[in-house]
Amino acid sequence: MPRRYRFLHVGLGPLGVRIADDVVRRGLGDVVAAVDPALAGRPLNEIVVGAAAGVVVAAGLDEVSSPIDVAVVATVSDLPGCAPTLRALLARGVPIVSTCEELSWAWDRHPALAAELDALARAHGVPLLGTGVNPGFVMDALPVAVTTVCRELRAVAIHRIQDASLRRIPFQQKIGATLTVAEFGRRVSAGTVRHVGLYESAGMIARTLGLPFESYDESIAPVVADTAMTCGLGEIAVGDVRGVHQEARVTAGGRDVITLVFRAAIGEPSPRDRVIVDGDPRIDLTIDGGVHGDVATSAVALNTIVGLLDHGEGRGGSPGLHAMARVPLFGCAPPR
């Protein structure tokens, strides 16, 4: 990276800790402040190995006075729930990278809120980006990039198949592992079991590539265990849920123009990420084993900072709300 950054981390759950740990381990900068009400008062270096001594986790943003170059917000998936934190940071003129899934492409699901946050970021001259491995890269920015070599594009299909045994506990909870089928259904209805982001990925692809978006349909179903197994949440009995299968389709003119297949389950065989482009030329790209979601989400969040902050308008980067398909990417740039 071209320079070391002073980081503020908001949210120190498993993902937030991983990102903070990667900042330290990769030598990308210093975590000069952290906020998490559940961990308030604890020295940060008790939570993040190698973090600077003297940094104490704060209960709220009002306790943070250190100069900040960029804030990483890793709290909740829904944008309305994350918005108060984003507003407070933008009002202080702090650039933000967030793992909030609904922020990755907010213009369709939350148009008024997206417009508000964009205006606030522009008014204070700072960038705001929602990102992650998915949504943010594998099922949206990557397929958009792949079509760069096409002279004609008709449709795009993306399949993300994951063995959730390797993922963090909150992710296993989000896909319903260990639940009965009946309880899975109740939690789907309550909105607490599902992958958040297929709608955002579909929007990012369609709007960026100019594909027609006449209708959108999404389905969700449990993946049921046919043998007993275990995961980080405990035992999974035969007939109980080991994961989730979701599909989303954007249709226009009576045909599917975007197809998204997301399947994450404990013990899922043949994990992979696959992008199929119906175009000229036709492209069929498969990443055997798939991209590890937790590792990659941290990497994407940190690796986008150089493009977001140092290659836009002025020192603080191009102001406003951004999407991954529209920001410069510089890969895994090492510190210098």
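Here, each number is a calculation from the coordinates, and none is a lab measurement. Quantities reported herein were computed from a predicted structural model and do not represent experimental measurements. Backbone-built Cβ (ideal geometry, glycine too); neighbour counts: all protein chains shown.
Using Cα-Cα distances under 8 Å and only pairs 6 or more residues apart, what relative contact order does the range 212-271 have, in percent?
Once divided by the residue count of the range 212-271, the mean separation gives 34 percent.
Rounded, prolate or oblate, given the Cα gyration tensor of the range 141-290, with a/c below 1.5 counting as rounded?
prolate
Lone cysteines in the chain, defined as no other cysteine's Cβ under 4.7 Å from theirs: which are they?
Flagged as lacking a Cys partner: Cys150, Cys231, Cys332.
Using packing as a proxy for protection, rank 300-306, 278-284 so that the peptide with the highest average count of other Cβ atoms within 10 Å comes first.
Highest-to-lowest ranking by the protection proxy: 300-306, 278-284.
Going by how many other beta carbons lie within 10 Å of each one, how would you line up Met229, Met324, fewest first?
By the 10 Å Cβ count, ascending: Met229, Met324.
In the set (1) 23, 43, 28, 6, 0; (2) 31, 59, 11, 0; (3) 32, 55, 12, 0, which value of P(r) over Cα pairs in 20 Å bins from 0, in percent was calculated from the structure you see?
(2)
Below 11 angstrom from the Cβ of Lys174, what's the summed charge of the other residues (Lys, Arg +1; Asp, Glu -1)?
Residues close to Lys174 contribute a combined charge of +3.
Once you list every other residue whose beta carbon is under 10 Å from the beta carbon of Met139, what net charge do they have if Lys and Arg are +1 and Asp and Glu are -1?
Taking every other residue near Met139 into account, the sum is -2.
Considering only DSSP beta bridges where both residues belong to the chain, give the percentage that are antiparallel (nearest 5).
60
Scan around Leu179 for amide H atoms under 5 Å from its own, H built in the peptide plane at 1.01 Å from N, and keep only partners 5 or more places away or cross-chain.
Val241
As an exercise, use a Förster radius of 22 Å and the Cβ-Cβ distance of His292 and Gln173 to find the FRET efficiency, rounded to the nearest 0.05.
Once the sixth-power term is evaluated, E becomes 0.75.
Using DSSP to call loops (not H, G, I, E or B), can you name the GluC sites (Glu not before Pro) in the range 186-276 whose Cβ has at most 12 other Cβ atoms within 10 angstrom?
Glu214
Using only the Cα atoms of the range 25-89, construct the convex hull and provide its projected area averaged over every direction, in square nanometres to one decimal.
Average projection, Cα convex hull of the range 25-89: 4.9 nm².
If Lys and Arg each add +1 and Asp and Glu each add -1, what is the summed charge of the other residues whose beta carbon sits under 13 Å from the beta carbon of Ile283?
Once positives and negatives cancel, what remains is 0.
Could you put His195, His110 in order, starting from the residue whose Cβ has the fewest other Cβ atoms within 10 Å?
The fewest-first ordering by Cβ neighbours comes to His110, His195.
Counting alpha carbon pairs within less than 8 Å and at least 6 residues apart, what relative contact order, in whole percent, applies to the range 141-290?
37
Can you list the residues, at least 5 places off or on another chain, whose amide H is less than 5 Å from the amide H of Val327, using H built in the peptide plane?
none
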